[in-house]
Amino acid sequence: MENKYNISELENKLGIEFKNMDLISTAITHSSYANEKKNIKYNERLEFLGDSVLQLVITEYLFKNYKNKSEGELSKKRALIVCESSLFEVSKKWDLGQYINMSKGEELTGGRYRMSILSDCVEAIIAAIYLDRGFKCAKTFILHNFEDIIFKAMRNEIVMDYKTKLQEKLQIHGEVNITYDLLKYEGPPHRRKFYTEVNINDEVLGEGMGYSKKEAEQNAAKEAVRKLEGKNE
């Protein structure tokens, strides 16, 4: 289903006027939409590039501005800033889900609000800006839009992703063997569900489902953390 608003409105929210409109159009096109159409580009390759640009910008910023922090500390903070949930928070600023081209089926299953789709789209937009306007513009865009997240991360105000939280919680008592195993996947390629379990020293502690392997692993870790903390779903 085509995005409900036009691209110029999204450009206004982003504060970017694209020279190559194909780049932003591709950045907001989900694979489910491309599967229904012929010769339509979708955003997975841009996601790949955008992830690297984001990592570089945040790494450079932390390196230059937090000289008293060790490599290990900076790595943990960077992981919080660029994780899926942080990207999802950025997407909310622009009401991004309303602009994504996706299939009717994907929309009916909640695709416009799905964390994995929205966070991937943010990375694709970053790549589109980088290709269209250059690194300097992409850097300014990232630092502006991630400013609050960087601030909160450095002040320990962001809850870490559940995989990291689980690892740190378990390793307080020594080394443990944590593995994530894909149990199965089902559904068509554009709407595939993944089912994963997390094993702690060969004992299943949590299971999770997601629309990407990463999302399924996070949900499995989330269930494990809640079990360890004695909380119910």
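Taken together, the values in this text are just the output of simple stated rules run on the coordinates, not laboratory data. All of these numbers come straight from a predicted model, not from anything done at the bench. A quick note on method: Cβ atoms are made from the backbone with ideal geometry, for glycine too, and the neighbour counts reach across all protein chains shown.
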| task | Mind listing the long-range amide H neighbours of residue 101? Cut-off is under 5 Å, sequence gap 5 or more, other chains count too, H placed in the peptide plane at 1.01 Å from N. | result | 3, 29, 30
| query | From the Cα gyration tensor of the chain, with a ≥ b ≥ c the square roots of its eigenvalues, which class applies: rounded if a/c is under 1.5, or else prolate if a/b is larger than b/c, or else oblate? | reply | oblate
| note | Loop-resident trypsin sites (Lys or Arg not before Pro) in the range 137-201 with no more than 16 other Cβ atoms inside 10 Å, DSSP not H/G/I/E/B, are 155, 192
| query | Mind listing the phi-derived Karplus ³J(HN,Hα) values for the range 32-40, rounded to whole Hz, using 6.51, -1.76 and 1.60 with θ = phi - 60°, and x for any glycine or proline? | reply | 5, 5, 5, 5, 8, 10, 9, 6, 10
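Let me know the charge dipole size of the chain about its Cα centre in debye, to the nearest 20, where only the beta-carbon of Lys, Arg (+1) and Asp, Glu (-1) is charged.
Approximately 440 debye in magnitude.
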| remark: Looking only at aspartates and glutamates whose Cα falls under 17 Å of residue 184's and that sit 8 or more positions away or on another chain, we get 197, 207, 215, 217
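Using DSSP H assignments, which helices in the chain have an axial alpha-carbon span of 20 Å or above and a mean Kyte-Doolittle hydropathy of -0.5 or higher?
44-65, 115-133
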| request: Loop only per DSSP, at most 16 neighbouring Cβ atoms within 10 Å: give me the trypsin sites (Lys or Arg not before Pro) in the range 76-122, ordered by residue number. | output: none
| field | GluC sites (Glu not before Pro) restricted to the range 175-213 and DSSP loop, no more than 13 other C-beta within 10 Å | value | 175
| query | How far is it, in nm, from the label point at residue 79 to the one at residue 108 when both lie 7 Å from their Cα along the line to the Cβ? | reply | 4.0
